[in-house]
Amino acid sequence: MSPQAGMDGQGRRIGASRRWRRVALLLSLGLVLIQAAALAGPREDYARQWPLTLGQADAGAYRVVLDEAVYRQAGDHALADVEVFNAAGQALPAAVLSPAQPLAQAPRVLALPWFPLPANAPAAGGADIRLIAERNADGSILRIEAGMDAPAAAAQAGGQWLVDASRLREPLRALRLDWEAPAQPWQAGYRVEGSDDLRDWRTLNPGTTLLDLQRDGERLRQGRIELDGQARYLRLQPLRPGPGPQLTVVSAELAPPPAQAQWQWLEIQGQRRRDAGRDGFEFVLPGRFPVARADVVLPGNSAVEWTLHSREDADAAWTWRAGPWMAWQVEAGGDARDRSEPATLASVVRDRHWRLSASTPVGDAAPVLRLGYRPEVAVFLAQGAPPYALAAGSARAGRGEAPIPALLEALRRQRGADWQPAPAYLADAPQELAGDAALAPRREHDWKGWLLWSLLVGGALMVALLGLSLLRQRGEP
């Protein structure tokens, strides 16, 4: 073989090797892209999301009361398609708890942001405070500048504070103040004013006494201020000039929860069905509501004995839920009516299909089925940067298991039995994600899986061909 032929053969082998390396590189890039697409953020697999407003910043753990819109959007029987995400689209550890669980109940005391303000002596000209605040979209204060419309000789001293209560959605009953232990006994009177725009102020407490006294190792401290009314922003002013305490914490004492549970009711219209000579009515529940009570409404005076069944699918067998019980209604004059008590189900049910069976004829009037439920609570652990959002409605994604109850119990043992997760609130209007397309179940064999397997098999074949090509080139004279 001539030297020129040897050089040509070596050049062909080098060119073939380079081509195979390019093919292998393209295959590797293709596999990486396929894996990245398969591991894309699961938030895009949900139908809609509700931005969350935090009732307290940097609380660590939060609770969100689910509303009717979330239940209507959820499709999973166990609410596994209700999940919380951070600003980067990462799923957060979360769990849905029953409202009867102590860990799901609302906290009664919450820490509030507060800001020191300059205070003027009344004898120096009676100046008023001028506030310039930078606020977030939810109304919470990010930065504040305080000045005084007073002569230059007006004296200033500490002891006035501005409290930001704009994130609260529950009635505020009182403020609780805490401060550093003073070197000397201290007592002062304070007035609390409220405002919704930081311009117009109204009095919420004309005067109360704060004190911190010590004697023989005992300490008497009074830092609670009751409020008469609600406001987004609170201003605490001393009744007399003088040095104030070194404030450390301002907390909101919320109104106590109602003595009885607040039930939510859905009224559903049904279709008449005749079964074995008896009147029956079938209903479809528009969501995954945790139904625990049932009632029936007929026009006018009525008294009918009912039996309630439910099932998950339209072709499944019916399961007994309540009854027979008599639902009655008697007019008491005018618009007043006396009604029977609702029936209580043996357990919480989320089935879609419901059926009422009447033991006696009900005439032409169609009954209205009323199903009662208590909203559940989603508790999540804050990770990553806010804003956070609650997403619901997906046939493709689901919330992973997280030991949230055990974590909350550990936090309560460490922080005290009265500790509860801070509240977070759903936005009034949801944001569209994948829409109704997220509710369509994923096909058993999607294109990503087929393409991934095709690339793997193709890559294996190309590697085998490359090996055979190299063996043939070595065997050439």
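Can you tell me how segment 264-373 classifies by the Cα gyration tensor, rounded, prolate or oblate, using a/c under 1.5 as the rounded cut?
oblate
At what distance in angstrom do the alpha carbon centres of segment 354-372 and segment 315-331 lie from each other?
Taking the Cα centre of segment 315-331 as reference, the centre of segment 354-372 is 8 Å away.
Multiplying the sequence separation of ASP418 and ALA460 by 0.36 nm and subtracting their Cα-Cα distance, what value in nm do you get?
Result: 8.9 nm gained on full extension.
With a Förster radius of 60 Å, plug the Cβ-Cβ distance of ALA88 and ARG278 into 1/(1 + (r/R0)^6) and report the FRET value to the nearest 0.05.
Once rounded, the FRET efficiency stands at 0.55.
Here, each number is a calculation from the coordinates, and none is a lab measurement. All of these numbers come straight from a predicted model, not from anything done at the bench. Glycine gets a Cβ as well: all are built from the backbone with ideal geometry, and neighbour counts include every protein chain shown.
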